[in-house]
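Nothing in this text is a laboratory measurement; each read-out follows from the coordinates by a stated rule. Keep in mind it's a predicted model, so treat the numbers as computed, not measured. Cβ atoms come from the backbone with ideal geometry, glycine included; neighbour counts cover every protein chain shown.
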Amino acid sequence: MIAAPDRTPLDRAFFDRPVLDVAPDLLGRVLVRKTAHGPIELRLTEVEAYAGPVDPGSHAYRGRTDRNAVMFGPPGHVYVYFTYGMWHCMNLVCGPEGTASAVLLRAGEITAGADLARKRRQTSRRDTDLAQGPARLATALDVDRALDGSDVCPSDPDSSPFQILTGAPPALHTVRNGPRTGVGGEGAAHPWRFWITADPTVSPYRPHAPRKRRS
DNA sequence: AAGCGGATTGTCT
DNA sequence: GACAATCCGCTTG
């Protein structure tokens, strides 16, 4: 049985490059999440690059902590964080080890295991909503802090809850970029959000809005 | 289509 | 103690 060309696993060298090269190159790739009930597959349509300690928008900006330790480790591993008291978001560590850069997975199209994803995302009204937004994406794929540090390039596929496949990358002219969502201050200037033009699963852009204080 | 307020807790100052 | 790489439901246009 010959593997279809678009289902070849990406190797670690793919992630061992500068994060601004990896981020747009991830579009159209297929992330496989292996759950106890079966696989869920996601075709990536929207990502954001976070460039480590030099990037004010990055969780690594103030150095290594227990929470962000995985970002400082080898590329091709998953960094999962918990935010807003409710949600998880998922990143892939990039660049030479120690650069602490990562790509936030913001949105994608569920291409297999939609029944499993729908169970995880009861509030979604259409299938294009299932992974439209980073917290929705993590919810659909049943990702939480327990999976922090998982390898997406395992030598033995059975040893990890994730794998990533080549997929069908879009033509360059269909990839666009702009400011990152929810990032304010100095970090807002960088156009490091990348998405596939006109894809229905891409999340709507929301500019950074400081929250009001409770009275 | 766009704007709002509330939810809810880990993490860092 | 402040706030977060967000989402949802409801309102207005």
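Taking amide H positions as placed 1.01 Å from N in the peptide plane, with prolines and chain starts having none, which residues 5 or more places from A:Ser203, or on another chain, fall under 5 Å of its amide H?
A:Gly133
Between A:Thr83 and A:Ala4, what FRET efficiency follows from the Cβ-Cβ distance if R0 is 25 Å, with the result rounded to 0.05?
Efficiency at R0 = 25 Å is approximately 0.10.
Count the DSSP beta bridges whose two residues both fall in the range A:5-196, then state the antiparallel fraction as a percent rounded to the nearest 5.
About 100 percent, rounded to the nearest 5.
Any idea how far apart A:Glu97 and A:Val175 come out in nm if each label point goes 7 Å out from Cα toward Cβ?
With each label placed 7 Å out from Cα toward Cβ, I get 2.7 nm.
Report, to two decimal places, the Cα Rg of the range A:5-196 normalised by 2.2 N^0.38 Å (N = number of residues).
In units of the 2.2 N^0.38 Å rule of thumb, it is 0.94.
When chain A is modelled as a GNM with alpha-carbon springs shorter than 10 Å, which of A:Val32, A:Val103, A:Val54 fluctuates the most?
Taking springs between Cα atoms under 10 Å, the residue moving most is A:Val54.
Just grab the label-to-label distance for A:Ala146 and A:Ala168, each label 7 Å out from Cα along the Cβ direction, in nm (one decimal).
In this crude label model, A:Ala146 to A:Ala168 measures out at 3.5 nm.
Please go through the range A:83-191 and write out the trypsin sites (Lys or Arg not before Pro) that DSSP classes as loop and that have at most 12 other C-beta atoms within 10 Å. Walk me through the intermediate numbers first.
Details: sites: A:Arg106, A:Arg118, A:Lys119, A:Arg120, A:Arg121, A:Arg125, A:Arg126, A:Arg136, A:Arg145, A:Arg176, A:Arg180; in loops: A:Arg121, A:Arg125, A:Arg126, A:Arg180.
Of the trypsin sites (Lys or Arg not before Pro), the ones in loops of the range A:83-191 whose Cβ has at most 12 other Cβ atoms within 10 Å are A:Arg125, A:Arg126.
Quote the relative contact order of chain A in percent (integer), defining contacts as alpha-carbon pairs under 8 Å separated by 6+ residues.
26
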